[in-house]
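Read through the structure below, which is laid out as structure tokens, and then see the notes.
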Amino acid sequence: MAEMNFISFSRPSIGEEEIAETVDTLRSGWLTTGPKTGRFEADFGTYVRSPHALAVNSCTAALHLALAALGIGRGDEVITTPLTFCATVNTILHTGATPVLADIGPDGNIDPASIEARITPRTKAIIPVHMGGLPCDMNRIWDIAARFGLRVIEDAAHAVGTIYDGNPIGMATAEPRRGSDAVAFSFYATKNLTTAEGGMVTTPDAELFGRMKCLCLHGISRDAWNRYTAKGNWYYEVNENGFKYNLSDLQSSIGIHQLRKQEEFIETRRRYAEIYSSLLANMDEVELPPTAPAGSRHAWHLYSLRLNLGHLKVDRAAFIELLRERKIGASVHFIPIPLHPFFRRFANLPQNHCPVALNVYPRLVSLPLYPAMSEDEVEYVGRSVRSLLEQYRLSRSSAPRATNGLYRVVSKAS
């Protein structure tokens, strides 16, 4: 195998189709939200089988819009997971509501039993996060929501292309107690589908969709690119205290073609995940990421290992640095919410104790996984990880040298 260049943690797959569509948009003279965003929304709604899809400038905006449109606000509580990006919790705070953290289960997703244990009379909604593209146990979550009269907004930032119980995440359903009020997706640069920055929110509810659409653009009563009325194209009305969350046609030009490639992208991610799992199988030093249950599909946005630190001479930080020395970029998903300085005021509240999330955090390592990688690069990463795990393996007779519950490099000799 030829010597590898540095393998970054993520790299987008942008083809000539995205470039040509973007150039066409530039030449059209219409750059902001317009007909191409409308096409992207329609195509995305078809892909996830939802009658209503609203393109926005981020998944953060999608979550905030859904919460605001549902009337979540001061005095309310919203339950979510501690193992997520800060945006999930920030959007709850933006509405004036209080975030409550339910612990995670063995799969890394929010634990339905912990959700139920943390419901109070103030609880108004649940935000489950499909971690890394692995679907949450939505049937149990929907059952809980139905019994307690709660709203459900799915954070599907990692879950474009994820299938749960035979249906795509984001799908609208008329089946009682089997569906969410809204589903928020991310099209950030590292995601399975990218528009550089961007997102989408889907809903089965026409009234909720209308309110989100109004709030999305300053609370204005009609689309900026379709304001022509009998009074002329200058007239509009502000009906809500809205936001500036719209997605531009430039970004949608990329998204239209990224969406058309999603099934191919996900198949490549699945195949690469299988290569990693094959190369790292049957090692006491590491736990492999869980796969989706029968009838569901993991979108493999992330391939996150859990190091078994009691079997290693290194901690997670040292392991990531050793990977970097081998020209491999790795990351961690995520630093639990209670560990961030801004959220420490929540950390000691009984309703936010999440020992499972805090115990798994020091062990998490996400490997590069994206279609722009070559199979040779995937095999190089997998073999390098296996080699390091073998090199820094503790012998059975060795006692681990602990430092604050973690392990530091003892020696660079095998």
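Filtering the stretch 65-82 to residues that are among the aliphatic types (A, V, I, L, M) and open to solvent by 10 Å² or more (accessible area, probe 1.4 Å) leaves Ala68, Ala69, Leu70, Ile72.
For the stretch 335-348, the set of residues classified as modelled with pLDDT under 95 and not in a helix (DSSP H, G or I) consists of Asn348 only.
When Arg74, Arg11 are checked against the criterion of being closer than 30 Å to Ile320 by Cβ and charged (D, E, K, R), Arg11 stands alone in meeting it. Every residue in the stretch 261-270 that is part of a helix (DSSP H, G or I) and touching a residue at least 12 places away in the same chain (Cβ under 8 Å), please. Hits for the stretch 261-270 are Gln262, Glu263, Glu264, Phe265, Ile266, Thr268, Arg269, Arg270. Restricting attention to the stretch 349-376, the residues being open to solvent by 30 Å² or more (accessible area, probe 1.4 Å), more than 22 Å from Pro106 (Cα to Cα) and either modelled with pLDDT under 95 or in contact with a strand residue (DSSP E or B) (Cβ under 7 Å, 6 or more places away or on another chain) (or both) number 1.
Exactly one residue among Arg39, Arg11 is open to solvent by 30 Å² or more (accessible area, probe 1.4 Å) and assigned to a helix (DSSP H, G or I), and that residue is Arg39. Only one entry of Ser296, Ser277, Ser252 meets the criterion of being over 20 Å from the mean Cα position of the chain (by Cα), modelled with pLDDT of 95 or more and of a type in the set (S, T, N, Q), and that entry is Ser277.
Residues satisfying the criterion are present in the stretch 257-280 (criterion: more than 30 Å from Ala20 (Cβ to Cβ), in contact with a strand residue (DSSP E or B) (Cβ under 9 Å, 6 or more places away or on another chain) and of a type in the set (A, V, I, L, M, F, W, C)). Screening the stretch 68-149 for strands (runs of 3 or more DSSP E) wholly inside it with 1 or more residues that are more than 29 Å from Leu305 (Cα to Cα) and of a type outside the set (S, T, N, Q) returns the ranges 77-80, 123-127.
The values are calculated or read from the model by the stated rules, or taken from the named source; none is laboratory data. Remember, predicted model here, so these are calculated numbers, not experimental data. For neighbour counting, all protein chains shown are included, and Cβ atoms are generated from backbone atoms with ideal geometry for every residue, glycine included. Only protein heavy atoms, including side chains, enter the accessible area calculation; ligands, DNA and RNA are left aside. Shrake-Rupley method; radii C 1.70, N 1.55, O 1.52, S 1.80 Å.
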